[in-house]
Structure formats: structure tokens, C-alpha cells
Amino acid sequence: MSDKAVFLDRDDTLIEDSGYINDPDQVKLLDGAAEALIELKKLGYKLVVVTNQSAIARGIVTEKVLAEIHERMRQLLAEKNAFLDDIYYCPYHPEGVVPKYRKESNYRKPNPGMLLEAADDMNLELGESWCIGNSSSDVEAGSRAGCKTVLIDTPSHQREAGSHMSQDGASPDYRAVNIKEAVNIIKKHLRSPSDEKPQSQEAAVDLTEPTHDHEAAQDACEAAEPEPQAQQHEPEPERQEQSPERHIPTAKTDELLGDILAQLKSMQRTEMFDEFSVMRLMAGVVQVLVLFCLLVTVWFLMSPNRQDNLVFMALGFAIVLQLMALTFYTMHGRK
Ligand SMILES: [Mg+2]
């Protein structure tokens, strides 16, 4: 019996992307990543990282150091009881400086080679699997492999993209602001009445130990060829056969409402992101100090041994700080 998997991009999906990571100490898990993996595992998915590592071709990192980086990532995840089933990486890039790795590869996303290889190795049903990542190449690779796709679409990424479609036209099935929301989307999809998988699958908890990293990716790169698998991408006809016609509009409406709700949540978060300002924060802090100075002024005034110079000094501080607060508010308004 085939398993299903969630293919996960690495940088800016599971760990912080600080450029080309070339030291295990640079690995930092993103907020909620481990918890998301635990949830996905509970849903019965194998967890497979698929990551382009052109840093190897560019001579920035060696495969040995990359293995250490991935070991560090596994270690940080294990500390939170999250375990990956495998990690596939593509070391190649056509413009690499290391001759051994300077070439095109079907493993390099947006090509689907890593996903197809993993499906072969682990007997995965790609039509039941998902691909989660923060770039259009992740979406295209997942889509070409026949998986459903979720684009991690942060507010900053939305501003850069400035459109609903990803740059190369690959359109994700869903969008999420982070991996936690991506997991919620998958959960909701599984609960959908039109989905083939029963909800009871969620109870299939499988907290297995991790398997070994996939260290021989490059060997298969040479043999693999791009194989767009559009035929696996449309399970709709089967669903229609299973469900009475009356149920189809309900399921589609539910899905549409879910999409709208997710979009509204995303917009709300974007607005919250836009609302935040260091100037506004500073103004708030200074305003609190103003109130404190005014209280001190009143206290000096009420004191039996009142000293006018102390009263004026506290009042002076309050006035100066109030002017600072107003300045910060003004600067925030001009942001
Ligand atoms: Mg990424």
C-alpha cells in the first residue's frame, strides 16, 4: 500500500534563510515549524524535505558540511519531537563554479526530479501528497509531480510579487502566510466531503524515528528526465463518480468559502504587519514616561517638604518627553 507525503522546502519554510547557509550554527528553525511537522505526521504523511542547494555548485558549501547542516536541523527538530523521514537535495546549478556540479538537473526545482525519486524510493502516492514551499519553483515542482501545492506567501513576498500568480505562471492550489496555516489548510482539505480520504486517517499517528538522509541524490540526477505528470493532477472525475451530484456544489461552495476566508485572514495579517511601526512603538513608550513624569510632578507638589525646583524639573521632563512622543507619532504618520 502506498504512503502519502508532504514535500517541504527547507529555506524560509522550515528554517530561516540567511542567504547561503554554510555553517550548522546558522540553522534556526522558523516559528511553528516543528509543531507543524508533528501535526502532519499525525495526519499520516511522510515528511520529505526537497531543497535546491546550488551553494554546493557555487563552492560555498561542501556536501559534507551540508550533511552537518541537515543533521543540525534534524537535531533541533528532534528536540521538539519532530522527525523528518528523508531529505533530498540538488547540488547542481548550470552556472556553478565547481565543475562536478555545473550542469542542468532534473532534480533542481522547478523540475520535479527529487519528488519523483522520493516517490519511487518510498512508494509514495503523489496524487495524495502535498508540496509546501515559499517560492514559485516549489509550486511548479509540486504541481508537475502531481501533488497539491501550498505557497507560503508572506506579506513581504506578496508585495514583491504584486500579483495572484507566481512569476512563472505556476499557480498554487492554496496560499498560506506560514507553515502553521498550511497545515490547517491540509486538515481542512482532508475534512472536505469531496476528498477521497476519510477523516479517520487523522488518527493514524506514526511518530517513527527518522530515516537516513538521502546522500546519493546526484547519482540519479544524471539519469532522471523531466516528466510533467499532468495526468495525476486532476482527481475530479473520480470524485464525481463517488459523490451524488447534489453534493458537488456544496463541496465546491465550501471550498470557495474556505479560500475566501483564508484570503481574508491573509489580508488581515498583512494589514497588521503594515500597522506595526518602530516609531509608533517608541511613541507609546515615551508617552508612558510622560505619564510617569506627571505623576512624579504631582507627588512632588503634594509633598509636605515641597521643593519647587524638583516640581519644575519633573514637569520639564514631562514636557520634553511629550514633544518627543508627538515627534514619533508624526514620523510614524509619514512612514
Ligand atoms: Mg525556500
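Points worth noting:
- Ser54 being more than 17 Å from Ala182 (Cβ to Cβ) and either in contact (Cβ under 8 Å) with a residue 12 or more places away in the chain or away from the ligand (no atom under 16 Å from the Cβ) (or both): yes
- Qualifying position, being within 16 Å of the ligand (Cβ to nearest atom), at negative phi and either at pLDDT 95 or above or surrounded by fewer than 16 Cβ atoms within 10 Å (Cβ to Cβ) (or both), among Leu124, Leu115: Leu115
- The residues of the stretch 95-151 that are of a type in the set (A, V, I, L, M) and part of a loop (DSSP other than H, G, I, E, B), listed by number, are Val97, Val98.
- Residues in the stretch 1-18 that are assigned to a loop (DSSP other than H, G, I, E, B), within 10 Å of the ligand (Cβ to nearest atom) and of a type in the set (D, E, K, R): Asp9, Arg10, Asp12, Asp17.
- Flag if Ile56 is assigned to a helix (DSSP H, G or I), assigned by TED's automatic domain parsing to the domain that holds Gly142 and surrounded by 21 or more Cβ atoms within 10 Å (Cβ to Cβ): yes
- Screening Glu35 with (1) within 16 Å of the ligand (Cβ to nearest atom); (2) within 18 Å of Ile179 (Cβ to Cβ); (3) out of contact with any Lys or Arg (no Cβ under 6 Å at 6 or more places or on another chain) gives one miss only, at (1).
- Residue-level check: of (1) charged (D, E, K, R); (2) within 16 Å of the ligand (Cβ to nearest atom); (3) closer than 19 Å to Ala176 by Cβ, Lys28 misses just (3).
- Test: residue in the stretch 115-123 that is among the polar types (S, T, N, Q), in the same structural domain as Lys46 (by TED's automatic domain parsing) and in contact with a helix residue (DSSP H, G or I) (Cβ under 9 Å, 6 or more places away or on another chain): no
- If the condition is being in a helix (DSSP H, G or I) and of a type in the set (Lys, Arg), then the stretch 27-44 contributes Lys41, Lys42.
- Against the conditions (1) within 28 Å of Gly127 (Cβ to Cβ); (2) touching a helix residue (DSSP H, G or I) at 6+ places or on another chain (Cβ under 6 Å), Val98 satisfies every one except (1).
The values are calculated or read from the model by the stated rules, or taken from the named source; none is laboratory data. On a predicted model such as this, the values are computed, not experimentally measured, just so you know. Backbone-built Cβ (ideal geometry, glycine too); neighbour counts: all protein chains shown.
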